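Participant: Quick one: the structure is below, questions incoming.
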Amino acid sequence: MPHRREDNNRVRFLTVEEEKKLRKVIEAKWTSHMPEFDLAINTGLRKGSEYGLTWDMVDFRGRMLNIPRTKNEEPIHVPLNDAAVAALRVVHDRGDGRGRVFQSEKTVSRLKTGDIGSTTQ
């Protein structure tokens, strides 16, 4: 019998107090990372999906993130509210609008075409 995929999605919201504490620490130590935090709390993206984002997945006009493959191997379309769009615009204005939206130690190099999980060129 084939193994069925388990739906392990969970919903977790930060309390107002938790968000305030996190913002205070990020603003004090890593101000340039505030857009990453804003996008995360306004979209609910998993870390892997957020750091796998490329600019071609961002639809500013349609206010949507179009992620072709998530951890669960499913495509998702995430609506963007004003705060998420503002966070993405800040990052877009810092760079050239190509490649990955956010960089991390694991995603320093560009994404291979069509390969969400790849970190090499």
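The values are calculated or read from the model by the stated rules, or taken from the named source; none is laboratory data. Computed from a prediction, not measured in an experiment: that's the story for all the values here. Positions of Cβ are backbone-derived with ideal geometry, glycine not excepted, and every protein chain shown enters the neighbour counts. Heads up: the accessible areas ignore ligands, DNA and RNA and are worked out on the full protein's heavy atoms, side chains in. Shrake-Rupley method; radii C 1.70, N 1.55, O 1.52, S 1.80 Å.
Participant: Kindly indicate whether any position in segment 95-105 is outside any strand (DSSP E or B), among the aromatic types (Phe, Trp, Tyr) and over 30 Å from Thr15 (Cβ atoms).
Facilitator: Going residue by residue through segment 95-105, those that are outside any strand (DSSP E or B) are 95-99, 101-105.
Now drop any that are not among the aromatic types (Phe, Trp, Tyr), which leaves 102.
Pick out the ones that are also over 30 Å from Thr15 (Cβ atoms) and you get none.
There is no residue in segment 95-105 that is outside any strand (DSSP E or B), among the aromatic types (Phe, Trp, Tyr) and over 30 Å from Thr15 (Cβ atoms).
Participant: What helices (runs of 4 or more DSSP H) lie completely within segment 1-70 and have 1 or more residues being open to solvent by 50 Å² or more (accessible area, probe 1.4 Å), among the β-branched types (Val, Ile, Thr) and more than 23 Å from Gly95 (Cβ to Cβ)? Break it down stepwise before answering.
Facilitator: Numbers: elements: 16-29, 34-43, 47-51.
It comes to 16-29.
Participant: If you check every pair at least six apart or on different chains, which have Cβ atoms under 8 Å apart with a residue in segment 57-79 that is among the aromatic types (Phe, Trp, Tyr) first and a residue that is open to solvent by less than 60 Å² (accessible area, probe 1.4 Å) second?
Facilitator: Pairs found: Phe60/Val85; Phe60/Leu88.
Participant: Could you look through segment 71-94, keep only residues that are open to solvent by less than 90 Å² (accessible area, probe 1.4 Å) and part of a loop (DSSP other than H, G, I, E, B), and pick out the one that is farthest from Arg46 (Cα to Cα)? First the steps, then the outcome.
Facilitator: First, the residues of segment 71-94 that are open to solvent by less than 90 Å² (accessible area, probe 1.4 Å): 72, 75-76, 78-81, 83-88, 90-92.
Cutting the leftovers down to part of a loop (DSSP other than H, G, I, E, B) gives us 72, 75, 80-81.
Numbers: Asn72: 11, Pro75: 13, Leu80: 15, Asn81: 17 Å.
It comes out as Asn81.
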